1. So if we plug the beta-carbon distance of Q171 and Y28 into 1/(1 + (r/R0)^6) with R0 = 60 Å, what FRET efficiency do we get, rounded to 0.05?
2. For L46 paired with L386, estimate the spin-label separation in nm (one decimal), with each label point 7 Å from Cα along the Cα-to-Cβ line.
3. Considering only V142, A162, V182, whose Cα is most displaced toward the positive end of the charge dipole of segment 100-191, charges sitting on Cβ of Lys, Arg (+1) and Asp, Glu (-1)?
4. Could you look at segment 201-315 and say what percent of its accessible area is carbon and sulfur, using a 1.4 Å probe and all protein chains?
5. Leaving ligands and nucleic acids out of the surface, order M267, M379 by accessible area at 1.4 Å, largest first.
6. Step through the table entries K148/K295; K124/K168; K84/K148, compare each Cα-Cα distance with 23 Å, and write down the pairs that go over it.
7. Using Cβ-Cβ distances only, list the Cys residues of the chain with no partner cysteine under 4.7 Å, sorted by number.
8. Report the FRET efficiency, 1/(1 + (r/R0)^6), for W54 and N19, where r is their Cβ-Cβ distance and R0 is 22 Å, rounded to 0.05.
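The values are calculated or read from the model by the stated rules, or taken from the named source; none is laboratory data. These numbers were taken from a predicted model, which means no experiment stands behind them. Quick reminder, even Gly has a Cβ in these numbers, built from the backbone with ideal geometry, and neighbours come from all protein chains shown. SASA here: full protein model, heavy atoms, side chains in, ligands and nucleic acids out. Shrake-Rupley method; radii C 1.70, N 1.55, O 1.52, S 1.80 Å.
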Amino acid sequence: MTTSSPTLLQSIGRWVGHNILYSESLAYDQRLPCLTFTLAGGNYGLLAPELKFWMALGTCLLLGAIYSTILSCVMYKFIILPRKQQQQPSSTALLIGFGFIVPLCVVYPYYGLPFFLIKNKVIKFLFGIASLTTAFRCLEAVFGFLPKHVDESLWNVIVYNAFPVECKFDQHGAIKSTWANVAHYVRNFGVWMCVLGMYCSLLVGYDYKLYPTEEELGLSDALDNVLNWHQLANNFSIAILFQIYLTTFGCAINVATSLVGLTQIPMMLNPMFESTSLSDFWGRRWNLVVHGFLKRGVYKPVRTKYSRLAAATAAFLASGFFHEWLLGVMLYPDYDSVGDCTPPTCYRPGYGRNTLFFVWNAILIGIEYAVGGAVVFKMLKTHLPLTIFSLLVTSTALPVAHWFTNDYVRSDFFLDGQLGWPIIVRLDE
């Protein structure tokens, strides 16, 4: 079967993919131990972080910033400026927002990933984040809920959209970082990278599943595992892993943005062990960047017409939908010349379970709104240590957490991600 020669543009994409995004060398963990030792009769090796992994992530950040800058100019011209004059979204703003920018953000990664030949699932995930944040920040602009001072200049809008974190602004524009900020972020990143490496070293020997569980072929299988103690243990271990992952990546992006002179809000505030309620967990501690654009892009627009429960439900549904989309981006397969999927991108996710997970949490939030002020909950909050109470809070979602986490575990997402950390592996298996 003959294949046509690549065009100049395709050749450029392939060159960038091979030489700057390291698409082939990051498809599998090919590291060799930099240190070996024997412990309890077993041979172990220490794998150093792969520099190419971080260079590829930095390139993805740069590509995302360029992409977001182009759309920011469109957003400012056709959405933000008209709204500042009319105080209401014009028909042109709605058409540009919902007819051009948001659809483009949805489809762009499905063309960009094969164009650059990206195979590592973590890099695919970050590649999709630029489209995700730009789409929701477009909704903020359409409905008039951008953060204060962002809409005061085109440069502010570009800075706000350029990175998958939330930069801070005042009346003078983006708040500048200092070298003390840079040192703080670098120190935090180093600490969390080591913590993540140690935690992954514990889990990698189990393929990130402390206990083997049956493969879930459908929704009924997922429901059967809700009260399985082995599944609960797996869910808890992966929930902590997600918290450490997001904290570490948040610190890494903070280092990059502070080096270019910007300050940001933190991404995570220890939600697993310091939350005082589900609202506190989702609204003030877990992934504050996502919380921010869901609050301004979905919750507030819905809240102007409906109850806070309806607005919260809409935000959770939007979260479920975009996580399903992210799964599709992260697990978008590569195909050979005859249309067969080529490893390592052949995993097929169980679509729908992410949305169910967030629907369950919307139900829990509704229950909290109804009975969260009861005396028994106030007594528990007052008399129990914060860590214990926080674990009780998170345990309400723990039985169904595998609806969200299993596709990440079974698709080897974490194996792809461990390229970035120092990790200890057993050599004689």
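1. Working: r = 50 Å, r/R0 = 0.83.
Efficiency at R0 = 60 Å is approximately 0.75.
2. 3.4 nm
3. Going by the Cα projections, it comes out as V182.
4. 62 percent
5. Details: M267 25, M379 105 Å².
Sorted by accessible area, descending: M379, M267.
6. Working: K148/K295 14 Å; K124/K168 27 Å; K84/K148 13 Å.
Flagged as over cut-off: K124/K168.
7. C34, C60, C73, C105, C138, C167, C194, C200, C251
8. Working: r = 16 Å, r/R0 = 0.71.
E(calc), rounded to 0.05, equals 0.90.
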